[in-house]
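Data first, discussion second: the structure below is written as structure tokens.
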Amino acid sequence: MRHLIDFGDVSRAEWDRLYHRAVEIMDRPGDFMDACRGKVMSSLFYEPSTRTNFSFQAAMLRVGGTVFGFADPKSSSVAKGETLKDTITMVSGYADVVVMRNPREGAAKAASLYSWVPVVNAGDGGHMHPTQTTADLTTITRLRGGVDGLSVGLCGDLKNGRTVHSLIKAMAKFKGVKFFLIAPRELAVPEYMRAFMRENGMWFTEVTGLESVIPQLDVLYMTRIQRERFVDPLEYERNKGVYVLTRRKLERARKDLLVMHPLPRVDEISIDVDDDPRAVYFEQARYGMFARMALLTDLANQPRQKPEAAEIGHGPVCSNPNCITQTELYLPPLVKQNGGVDCCAFCDAPLR
């Protein structure tokens, strides 16, 4: 593994190795205090973040490395109009690994084309968030003993929920997982994710109600309705607060249910759920730090490698208005197949 852009590109064997290293770090943290001694991580956050940004910084410091970067692009040359290509080329000359969050879908893939060092996708718009998935799988495996055969409810904004998209792709590597996709019709999973699930023979059903399916679940993964992803404020107002998990609703759930959330929450989990032993979302955030420590001990120690020359593009070919190719017009017109359909290799959206 050179970059971590999309968890779908990680093999089951690579994940197993990553998880076992995370467990070793949890059990024997002192053995890894110098695993990245002398290594430098660049943290480029074009979007607000608490857990992911702090978690990566804490992870790098705990394995002996150092960190530089920005949490607001207005404080960098991006505000002067610097392209993503130039930012990444320059930063990868200073760092051993680059961790990037960007509101444009496909931005991490674009960055990887020009970086001399490994690039980690810390969230690209509403597309993917693979290191949140490492936190999720670490939590489930640590607390349930494994992922195979679980019934998983994904609830909330499944259209724009990059954490959900990454988790679905990751769980394709496990056996017998059933998905209950709980969302308003206008916030259902994108068609490219349905195509992925069908292509991989994954069992899923789409429903609009939480209470009817909660007794069947081993894992309930709540997500917030994301105000920042809505173009129309009225659409956000119609959908906010549509799902709220309370102690009363949990009375119908299994005693060993795991209630998870990538955080931050707004109003989708009431405060009285926090004291329920099934609520593990704060533990989940801590497990994410250990998973990122394991990831950095691998990627930050890889040698520098000159990127291959990329074709110069002449404008976007993607139908997604939030795709990185809409603003970085020099990007090559990369295409991939998804369910027999030609899709943008940056953001997975169908081509025009």
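Taking the alpha-carbon centroid of each part, what is the distance from the stretch 155-204 to the stretch 65-129 in angstrom?
27 Å
Excluding ligands, DNA and RNA, what is the solvent-accessible area per residue of the chain at a probe of 1.4 Å, expressed in Å²?
Using a 1.4 Å probe on heavy atoms only, each residue of the chain averages 43 Å².
Helix-derived [θ] at 222 nm for the chain: sum -39500 (n - 2.57) over DSSP H runs of at least 4, divide by residue count, nearest 500?
Helix contribution divided over all residues of the chain: -9000 deg cm²/dmol.
Just to make sure I understand: if all protein chains stay in place, what is the order of TRP116, TRP203, TRP15 by accessible area at 1.4 Å, largest first?
So the residues, ranked largest to smallest area, are TRP203, TRP116, TRP15.
Could you let me know the centre-to-centre spacing of the stretch 212-226 and the stretch 288-345, using Cα atoms, in angstrom?
Computed from Cα coordinates, the inter-centre distance equals 31 Å.
Say each of ARG37 and LEU61 gets a label point 7 Å from the Cα, pointing the same way as Cα to Cβ; how far apart are those two points in nm?
Each label point is offset 7 Å from its Cα along the Cβ direction, giving 1.9 nm.
Please give the net charge around ASP148, taking every other residue with its beta carbon less than 14 angstrom from that of ASP148, where Lys and Arg add +1 and Asp and Glu add -1.
+3
How much FRET efficiency would the formula 1/(1 + (r/R0)^6) give for SER212 and ARG28, where r is the Cβ-Cβ distance and R0 is 35 Å, rounded to 0.05?
About 0.20, to the nearest 0.05.
Under 13 Å from the Cβ of LYS178, count the other residues' Cβ atoms, weight Lys and Arg +1, Asp and Glu -1, and hand me the total.
Charge balance near LYS178 sits at -2.
If you rank TYR192, TYR281, TYR94 by how much accessible surface each has, with a 1.4 Å probe, what is the order from largest down?
So the residues, ranked largest to smallest area, are TYR94, TYR192, TYR281.
Sorting HIS3, HIS314, HIS261, HIS20 by accessible area (1.4 Å probe), largest first, what list results?
HIS314, HIS20, HIS3, HIS261
The values are calculated or read from the model by the stated rules, or taken from the named source; none is laboratory data. Please read these numbers as outputs of a predicted model, since none were measured by experiment. Note: ideal-geometry Cβ built from the backbone for every residue, glycine included; neighbour counts use all protein chains shown. What goes into the accessible areas is simple: the full protein's heavy atoms, side chains included, and nothing from ligands, DNA or RNA. Shrake-Rupley method; radii C 1.70, N 1.55, O 1.52, S 1.80 Å.
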